[in-house]
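Heads up, the thing below is written out as structure tokens.
Coordinate-derived values only; no laboratory data. Small disclaimer: the values here were computed from a predicted structure and weren't measured. Every residue, glycine among them, receives a Cβ derived from its backbone with ideal geometry; neighbour counts consider all protein chains shown.
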Amino acid sequence: MLPFRLVYDDDYDLDLGDHVFPSRKYRLIRERLLALGIATPADFVSPLPPSEDTLRLVHGEGWLRRLFNGTLSYQEVARLEIPYSRRMVQATRLAAGGTILASRLALADGIGFNIGGGFHHAFADHGEGFCALNDVAIALRLLLKEGAIERAMVVDCDVHQGNGTAALFASDPRVFTFSIHQLNNYPAVKPPSDIDVNLEDGVGDEEYLDQLLAHYVPALREHQPQLVIYLAGADPYYQDELGGLALTMNGLRNRDRLVIETALRRGAHVAVTLAGGYAFLVQDTVTIHVNTVKAAAEALHAVRSPARS
């Protein structure tokens, strides 16, 4: 049994069919975790979709109305880059509930893990890049409103810069946004995060981890977040269809361990979301995400275990 809970629902699948975004990966991750004995059915909990009032903490009334009523314009659907359907909307809304729940579990248990979420390209008044609702921003705005936290940090390790999240928190000093990503990749326009680590094409394990360590640790020390929401994108992988970095599976697992354990050792709680992953073989994406679960468990064990004499 894992030392933290995994937030998941079968309805996370956006039902996109033959699309570069393999939304069936969520189900495959759960199946792999169970088959390997990493998790048991008791480790999984289901989220509830957030209320519209909660969604309005981040998104405008007009965007939500058009999204829920199915009245998006052709241009709005094209900007999303995924087919519109009621199921897609429900899945995205449920993923936001998942990140809210994972964040609450993190505050209680040290780590909370959403097998989904990380839709960081959604803005207040529109969606883009496969992202209709910004689950990370929704969770943080709600916890801040409730007084559950006073300071948070978003650590975005997707291969694509977290433009929506950066824009949403640009004027909010309570939330520190950190993004390490491929510079010459989507999105074309990158609203500045508090720290953007812009990587050139083809960067591999060693340089990536060096750059992450050099920028991430000082940011943690400066902001002292109570909660870190970590977007553990699988798309820096060297065989990803939508990425141009060159990390190996081992490099990605080391990245996960570095981000999570460093935050825990500095007294922060960590909520994990999975964000992107578009490997040519979907099973590779699943393996990378499963490795993130393993790395999180190892990090929590390392922090909680007494030092050996």
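At-a-glance table
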{"item": "Paramagnetic reach from Arg27 (point 7 Å along Cα→Cβ, amide N under 19 Å) across the range 114-135", "result": "115-117"}
{"item": "Full-extension gain in nm, Thr71 to Leu107, via 0.36 nm per residue minus C-alpha separation", "result": "9.2 nm"}
{"item": "Low-density loop positions, trypsin sites (Lys or Arg not before Pro), the range 207-309 - DSSP coil, at most 16 other Cβ in 10 Å", "result": "Arg266, Arg308"}
{"item": "R0 of 22 Å, Cβ-Cβ distance Glu146-Glu61: FRET efficiency to nearest 0.05", "result": "0.50"}
{"item": "Point-charge dipole on Cβ atoms (K/R +1, D/E -1) for the chain, about Cα centre, debye to 20", "result": "920 debye"}
{"item": "Dipole of the range 166-309 [Lys/Arg +1, Asp/Glu -1 at C-beta], most positive-end residue of Tyr216, Gly204, Leu183", "result": "Tyr216"}
{"item": "Where a label projected 7 Å from the Cα of Val20 along Cα→Cβ would reach, residues of the range 45-83 with amide N under 17 Å", "result": "77-83"}
{"item": "DSSP bridge pairs, the chain: antiparallel proportion in percent, nearest 5", "result": "5 percent"}
{"item": "Pairwise label distance in nanometres, Asp10 with Ser305, each label 7 Å out on the Cα-Cβ vector", "result": "3.8 nm"}
{"item": "With 5 Å bins from 0: P(r) over the range 178-223, alpha-carbon pairs, percent", "result": "5, 20, 31, 21, 16, 7, 0"}
{"item": "Charge context of Leu80, other residues only, Cβ under 12 angstrom, K/R +1, D/E -1", "result": "-1"}
{"item": "The range 60-95 residues near the modelled Val189 label - backbone nitrogen below 15 Å, point 7 Å along Cα→Cβ", "result": "76, 79-80"}
{"item": "Residues whose placed amide H lies under 5 Å from that of Val203, excluding near-sequence neighbours", "result": "Ala246"}
{"item": "Cα-based shape type of the chain, given that a ≥ b ≥ c are square roots of the gyration tensor eigenvalues and the cut on a/c is 1.5", "result": "rounded"}
{"item": "Residue of His120, His59, His289 that the Gaussian network model of the chain assigns the largest fluctuation, springs spanning Cα pairs under 10 Å", "result": "His59"}
{"item": "Ser51 paired with His215, simple spin-label distance in nm, labels 7 Å along Cα-to-beta-carbon", "result": "3.8 nm"}
{"item": "Solution diffusion estimate, µm²/s, Stokes-Einstein, the range 1-82, Kirkwood Rh from C-alpha pairs, 37 °C, viscosity 0.692 mPa s", "result": "212 µm²/s"}
{"item": "Amide proton proximity set for Ala271, modelled H, under 5 Å, gap of 5+", "result": "Gly112, Val228, Ile229, Tyr230"}
{"item": "Length-normalised contact order of the chain in % [C-alpha pairs under 8 Å, at least 6 apart]", "result": "19 percent"}
{"item": "Protection proxy ranking of 91-103, 161-173 - average other beta-carbon atoms within 10 Å, highest first", "result": "91-103, 161-173"}
{"item": "Scattering profile of the range 161-255 at q = 0.12, 0.18, 0.20 Å⁻¹ [log10 I(q)/I(0), Debye over alpha-carbon scatterers]", "result": "-0.38, -0.85, -1.04"}
{"item": "Lys, Arg +1 and Asp, Glu -1 on Cβ, resulting dipole of the range 126-196 about Cα centre, debye, nearest 20", "result": "120 debye"}
{"item": "Kyte-Doolittle at least 0.0, axis length at least 20 Å by Cα - qualifying DSSP helices, the chain", "result": "86-109, 282-304"}
{"item": "Net charge over other residues, Cβ less than 11 angstrom from the Cβ of Gly277 (K, R count +1; D, E count -1)", "result": "-4"}
{"item": "Placed amide H near Phe123: partners under 5 Å, 5+ positions off or other chain", "result": "Glu128"}
